1. Which residues, taken from the stretch 128-141, are surrounded by 14 or more Cβ atoms within 10 Å (Cβ to Cβ) and either of a type in the set (Lys, Arg) or farther than 17 Å from residue 74 by Cα (or both)?
2. List the pairs whose first member sits in the stretch 208-235 and is at pLDDT below 90, whose second member is in a helix (DSSP H, G or I), and whose Cβ atoms are under 8 Å apart, counting only residues at least 6 apart or on separate chains?
3. Would you mind stating whether residue 36 is open to solvent by 50 Å² or more (accessible area, probe 1.4 Å), touching a residue at least 12 places away in the same chain (Cβ under 8 Å) and not in a helix (DSSP H, G or I)?
4. Given the conditions (1) aromatic (Phe, Trp, Tyr); (2) surrounded by 17 or more Cβ atoms within 10 Å (Cβ to Cβ); (3) touching a residue at least 24 places away in the same chain (Cβ under 8 Å), report the number of the one that residue 144 does not fulfil.
5. Just to be sure before I move on: is residue 194 without any contact (Cβ under 8 Å) to a residue 40 or more places away in the chain, open to solvent by less than 80 Å² (accessible area, probe 1.4 Å) and of a type in the set (A, V, I, L, M, F, W, C) in the structure I sent?
6. What is the residue count in the stretch 76-127 for residues that are touching a Ser or Thr at 6+ places or on another chain (Cβ under 6 Å) and open to solvent by 50 Å² or more (accessible area, probe 1.4 Å)?
7. Would you check if residue 203 is surrounded by fewer than 18 Cβ atoms within 10 Å (Cβ to Cβ), modelled with pLDDT under 95, of a type in the set (Gly, Ala, Ser) and farther than 30 Å from residue 126 by Cα?
8. Those residues that are touching a residue at least 40 places away in the same chain (Cβ under 8 Å) and of a type in the set (Gly, Ala, Ser), I need them from the stretch 147-187; list them, please.
Amino acid sequence: METDYVFPGRRVAAVSMILGPVLLLTGTLLRSQFNFFFPDQLRAMSEHPALITAAYTCFLAGNVVLWPAIVALAAKIGRTRPALAAWGGLFVLFGLFERTFHAGIDQAAMGLAGRRGAGFAESVVSESYQDLHLFSFLSFTIMFGWFILAFAAYRAKALGVVQAIGMATMGLLPLGVLKGTEIVSIIGTAGLCVALLPAGIRALLESPKPSRRSVLLTAVAVPVLGALAFASTLG
């Protein structure tokens, strides 16, 4: 039987709109006490490993969790502004992919700082910072994607003017490897909360009550996924 289902689903998108921005803002605030550039970030990892690990993990998690919200918003925009939806949605998704790639480099560098010291990790990062890779050519999507998507959302009336401006401020976030927090980082992640949290909460409250079958399936799936997640850490 056909339904009006649109991937990734209303409830998933709603949770993404809430968790994604909150996690990004949390990670941004947790590392705000340390200087912005990578030598200071690496020294902070050596001196405050738990705090820095939590900060970078929250930011990475928010970056990954955010994609269903972007897909859902682009789909909504596409009903009246398909071209803008495609450009804005794709640019933002490419930007999320790139930040995830950067997070992998961050993880490796932080590991070096923890095991070999901040000085050794700093020398490795400084020597390889300008190395070319696929995402070297896509850095512009991190900034411009948010501007395009915000404009598209406003033109399609998917977001109001305040929410659209809040989303556009995400384009101010510094990009690259081992970037700490500046004032524009806080403005951008807080702006994304303003843009998406109200829509996410509203969508979650308006979502139909899940069926008993869905509840039972979720109850079975959660421990299975937890076991698979643990097994994934073993090798």
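The values are calculated or read from the model by the stated rules, or taken from the named source; none is laboratory data. These numbers were taken from a predicted model, which means no experiment stands behind them. In this analysis, Cβ positions are derived from the backbone assuming ideal geometry, glycine residues included, and neighbour counts consider all displayed protein chains. Heavy atoms of the whole protein, side chains included, go into the accessibility calculation; ligands, DNA and RNA do not. Shrake-Rupley method; radii C 1.70, N 1.55, O 1.52, S 1.80 Å.
1. 135, 138, 139
2. Hits for this filter: 210/11; 210/218.
3. no
4. (2)
5. Answer is yes for this residue.
6. Final tally of qualifying residues: 1.
7. no
8. 150, 152, 153, 156, 158, 176, 180, 185
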